[in-house]
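Structure, as structure tokens:
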Amino acid sequence: MLINQIPKQQNQATISVMDQKTVRPPHVLIFPLPLQGPVNSTIKLAELLCLSGLHITLLLTDHIHTKLLKYSNIQSRFSSYPGFHLETIPDGLPEDHPRSIDRFIEVLESLKTKSSILFKDLMTTDSRRPVTCIIADGTMGFTCDVANEIGIPIMYIRTISACCLWVFFCFPNLIESRELPFSGNDLDTPIKSIPGMEEFLRRRDLPLFCRFNLSDPNIKTYLSEGTENPRAHGLILNTFDDLEGPIVSQIRTFCPNLYTIGPLHAHLKLNLESFSSSPPSSNSLWKEDMSCIPWLDSQPSKSVLYVSFGSLAVMSKELWYGLVNSGSRFLWVIRRHSVLSEIIETPPELSKGTEERGCIVEWAPQEKVLAHGGVGGFLTHSGWNATLESVVEGVPMICWPYFLDQQVNSRFVGEVWKLGLDMKDTCDRVIVEKMVRELMEERKEEFRKSADEMAKLAKQCFMVGGSSYCNLQRLINDIKAM
Ligand code: UDP
């Protein structure tokens, strides 16, 4: 039927719906988990969606918002997107709460009990700009409850690796097959009830809290992942098919509508280049010390080991000895409060080696550092952002995981992707020295070759026609159709 053949009343209604659609582009509210890693990658997704012309409201907790305003250029950089809007919400905790990882369950609990009402108000009070889709971190299940109650479609984003998410999905299997809790102390016992990982996963590669008993609050939190994530309309993962394809297929049996669109930082970087925009901000919650870049400029090619344990992990004295004894050059991020109390001052026997070959900063511009030609290796805690940043730049890794997804990630780096060495659990000075020598000298060609190959695949996936490129287009189209 042509439009002028439609009865008048129906015609007007159709036109006004069409007008609304043309006047109001889709409006997506994005709510990241309030931690450095998830904030970083989720804001990159927000910017990618801004570039595609969607209207975006980024919702941050007051705590994260204050830090971002202080240390990143988020406000000035997003001001160039007319449809962008920033909203904040209290996390319900007292100002002096540390919000540290060992107490992060309290943050989640407070968000659920105290902030969910405010979250709902936010969604329902502004009728001028109705939200047409929510993208929230899947760890915050209350967002899905609210979305269902008020009838707005919701997608979940997970910023951990697909391999760890799959381990969480399989927790009920592990308990049913009595692989959890562990009986006896042998951490090298193979784990058999996680499909796709039977050949290489050991107890020590499961998230650290699996070593405790089943009443650990983390187990309770992650036990329901396999039922929680499928509740959303779709699941967005910061990974790419060439890296985690087989595991992504396993997750798809629970969540058929999956979007693998990572590595988000590199995907955004490429899109900004094609819009001839400035490079992306780092979304740092701490002040970046740029002095390490001129220091790196003065080092020989690929001679420096970059050492950083992310925003949440702590480090020890043995590691320092191993690093200095290895004779390698190093750039080390030591955050205030990340050093164990055993190190109050630099031990005199370490001062000389540190001064001669080392550079220490409190917080580095990590993406720039890993892309620098002076860097030849990365001693990392295997956080998922750090891992992807290293993969994209083709930098081989030594993994010293601390908690959560890091134990799983490091096993994949060492055993599946062959991108480095998994030091895990045994961090004495002799082992550290041995591993650094192996990565930076003895086996450097072998690791560089496999890291270069994976970096090539990572860069292809967000080129036109690549898997992450196509999945992002599909995500944008699906949001527009909502
Ligand atoms: N990061 C940074 N400078 C540093 C250390 C880390 O910019 O000195 C960034 C890093 O690039 C990454 C994020 O902080 O994007 C940390 O996320 P990740 O998932 O690696 O670890 P988490 O801190 O969540 O454990």
Debye intensity ratio I(q)/I(0), log10, region 214-269, q values 0.20 Å⁻¹ (C-alpha model): -0.81
Charge dipole (debye, nearest 20) of the chain; +1 at Cβ of Lys and Arg, -1 at Cβ of Asp and Glu: 1100 debye
Derived scalar couplings ³J(HN,Hα) [region 138-148; Karplus, 6.51 cos²θ - 1.76 cosθ + 1.60; whole Hz; x for Gly, Pro]: x, 6, 9, x, 4, 5, 6, 4, 5, 4, 5
Given charges at Cβ of Lys, Arg, Asp, Glu: the chain dipole, positive-most of 142, 171, 29: 29
The chain: angle of helix 348-357 to the longest principal axis, Cα-based, in degrees nearest 10: 60 degrees
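Step by step: find N for region 350-392, compute 2.2 N^0.38 Å, then divide the Cα radius of gyration by it. What's the final number?
My calculation over the Cα atoms of region 350-392 gives 1.31.
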Fraction in percent of alpha-carbon pairs per bin - 10 Å, region 47-132: 15, 40, 34, 11, 0
Helical contribution to [θ] at 222 nm, DSSP H n ≥ 4, -39,500 (n - 2.57), averaged over the chain, rounded to 500: -12500 deg cm²/dmol
Residue-by-residue Karplus 3J(HN,Hα) for region 470-477, coefficients 6.51, -1.76, 1.60, Hz, glycine and proline x: 5, 5, 5, 4, 5, 4, 4, 4
Calculated P(r) tail over 15 Å for region 52-102, as whole % of Cα pairs: 54 percent
3J(HN,Hα) from dihedral phi, region 102-108, Karplus parametrisation 6.51/-1.76/1.60, rounded to Hz, x for glycine, proline: 5, 10, 6, 4, 5, 5, 4
For the chain, share of DSSP beta bridges that run antiparallel, in % to the nearest 5: 0 percent
Normalised contact order of region 147-277, rounded percent, pairs of Cα under 8 Å and 6 or more residues apart: 30 percent
Selection from 467, 447, 131, by position along the positive dipole direction of the chain (Cβ): 131
For q = 0.22 Å⁻¹, Debye-computed log10 I/I(0) when each Cα of region 382-482 counts as one equal scatterer: -1.10
Dipole of the chain [Lys/Arg +1, Asp/Glu -1 at C-beta], most positive-end residue of 122, 395, 226: 122
Dipole magnitude of region 395-482 about its Cα centre (Cβ charges: Lys, Arg +1; Asp, Glu -1), debye to nearest 20: 340 debye
Sorted largest first, extent of region 337-444 alpha carbons per principal axis (Å): 40, 30, 30
Difference of contour (0.36 nm per residue) and Cα-Cα distance, residue 96 to residue 213: 39.1 nm
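Given charges of +1 on the Cβ of Lys and Arg and -1 on the Cβ of Asp and Glu, with all other atoms neutral, how large is the dipole of region 221-285 about its Cα centre, in debye to the nearest 20? Mind showing how you got there, number by number?
Working: 3 positive and 6 negative charges, 29 e Å.
I would put it at about 140 debye.
Region 162-214: D in µm²/s via Stokes-Einstein (Kirkwood Rh, Cα pairs, 37 °C, 0.692 mPa s)?
Answer, rounded: 298 µm²/s.
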Reciprocal mean inverse distance between Cα atoms of region 176-258 - Kirkwood radius, Å: 14.5 Å
Normalised contact order of the chain, rounded percent, pairs of Cα under 8 Å and 6 or more residues apart: 15 percent
All-pairs alpha carbon distance profile, the chain, 10 Å steps from 0, percent: 4, 19, 29, 27, 14, 5, 2, 1, 0
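Taken together, the values in this text are just the output of simple stated rules run on the coordinates, not laboratory data. Predicted model only: the values in this text are computed from it and were never measured. Cβ sites come from the backbone with ideal geometry, for glycine too, and all protein chains shown count toward neighbours.
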